[in-house]
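Undergrad: Before anything else, here's the structure in question.
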Amino acid sequence: MASAKVVLTDYVWESLDVEQKTLEGLASLVALKTKTPAEFLPEAADCDALLNTYAGPITAEVMARMPKCKIIARYGIGVDTIDLEAATAAGIIVTNNPTYCIEEVAEQTMALLLASARKVAFYDRLVRAGRWEVPPGKPMFRLAGRTLGLVGFGNIARAVAVRAAAFGMRVLYSDPFVKDGQFPVPGEKREFAALLGESDFVSLHPPLVPETRGMMNDAAFARMKPTAFLINCSRGPIVDTAALVRALDAKRIAGCALDTTDPEPLPDPHPLRGRENVTVTPHAAWYSEQAMVGLQAGAPGEVRRVLTGEWPVNVVNKAVKARNRAGL
């Protein structure tokens, strides 16, 4: 009989074969489809490990009710729903999966950029409505020679930079943790405010942390060109939604394309819905059949490592090593 208990808070895939096979002979898996800690805690109170997709937030109080939990393994990249300081204090290792969808999100970013530049969604709606006209989409500008500003210059943003340069775009980036010329990819470093003023497209790629929450506010939109588009494939709360609506209403920017929103899902009705210069996709940037394989394997693999006495690969709260419950 398996000696450990692993609780999966929620999942959006059809089969748990990967999880079962990864944990086989090591732990029993309790798979739930919950949204809040109140829903998963009855099962998770005595868990040795927690697999987590979206359910949360996982706070200090939640962790206190899981006294045996050694690891919280997130399937995705962001860990903004987990209190990392509390996890470190409690000795709980937190892992993420930082590389499973780099190509996909970079491709989605380019897709939204191209859709904004070429008015793809707008023209499609026009034709569906029985019209066949070019003038309603004016003005449009060729992509070659335009400037893309990347806010954050991590793995995904750098993949976007390479793709944008292939289209003949000039690439700028703003990132306090990256030095100019640090990576062998296109991009000139700018301060955030300067980047906003120079860019024809502003694409957001920072993690959601207190410093980036709401960073796209009224002041930020006021710095952008009135012909510029905002693209967000990172986290919805990086954008102050009310400020974005005000900027669109005042024509301070030309439009936006969003794969993530705040709130999410976007309610219906909502001021961002129904605008011809707004494209919204349902947090789909991470997805491809190949990414699903990497997504599903990552978190259970980390749990297996911890339960077999190994240090996991993608630890987010590295300071936990000195005091982790697993004694690794």
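The values are calculated or read from the model by the stated rules, or taken from the named source; none is laboratory data. Being a predicted model, the structure only gives us computed values, none of them experimental. Here the Cβ positions follow ideal geometry from the backbone for every residue, glycine too, while neighbour counts run over all protein chains shown.
Undergrad: Exactly one condition in (1) buried (at least 19 other Cβ atoms within 10 Å of the Cβ); (2) closer than 25 Å to Glu104 by Cα; (3) among the polar types (S, T, N, Q) is false for Asn317; which is it?
TA: With respect to (1) buried (at least 19 other Cβ atoms within 10 Å of the Cβ); (2) closer than 25 Å to Glu104 by Cα; (3) among the polar types (S, T, N, Q), Asn317 is out only on (2).
Undergrad: Considering only residues that are part of a loop (DSSP other than H, G, I, E, B) and modelled with pLDDT of 95 or more, which ones fall in the range 55-78?
TA: Ala55, Gly56, Pro57, Thr59, Arg65, Met66, Pro67, Lys68, Cys69, Lys70, Tyr75
Undergrad: Then there's this: Enumerate the helices (runs of 4 or more DSSP H) found wholly within the range 91-186, keeping only those where 3 or more residues are buried (at least 19 other Cβ atoms within 10 Å of the Cβ) and at pLDDT 95 or above.
TA: Once the helices (runs of 4 or more DSSP H) in the range 91-186 are filtered for at least 3 residues that are buried (at least 19 other Cβ atoms within 10 Å of the Cβ) and at pLDDT 95 or above, what remains is 102-118, 155-166.
Undergrad: Among (1) closer than 22 Å to Glu14 by Cα; (2) not in a loop (DSSP other than H, G, I, E, B), there is one condition Ala285 misses while meeting the rest; what is its number?
TA: Every condition holds for Ala285 apart from (2).
Undergrad: Same structure, new question: Just a yes or no: is a residue in the range 29-50 without any contact (Cβ under 8 Å) to a residue 60 or more places away in the chain, part of a loop (DSSP other than H, G, I, E, B), farther than 20 Å from Asn317 by Cα and among the hydroxyl-bearing types (Ser, Thr, Tyr)?
TA: yes
Undergrad: When the residues of the range 221-252 are filtered to those that are hydrophobic (A, V, I, L, M, F, W, C) and in contact with a Leu (Cβ under 6 Å, 6 or more places away or on another chain), which remaining residue is farthest from Thr81 (Cα to Cα)?
TA: Met224
Undergrad: Write out, first by first residue and then by second, each pair whose Cβ atoms fall under 9 Å of each other, whose residues are 6+ apart or on separate chains, and whose first residue, in the range 219-247, is without any contact (Cβ under 8 Å) to a residue 12 or more places away in the chain while the second is of a type in the set (A, V, I, L, M).
TA: Hits for this filter: Ala219/Ala193; Ala219/Ala243.
Undergrad: Evaluate the following for Gly301: is it in the same structural domain as Asp200 (by TED's automatic domain parsing), more than 21 Å from Ala222 (Cα to Cα) and either out of contact with any Cys (no Cβ under 6 Å at 6 or more places or on another chain) or not in a loop (DSSP other than H, G, I, E, B) (or both)?
TA: Taking the combined requirement at face value, the residue does not satisfy it.
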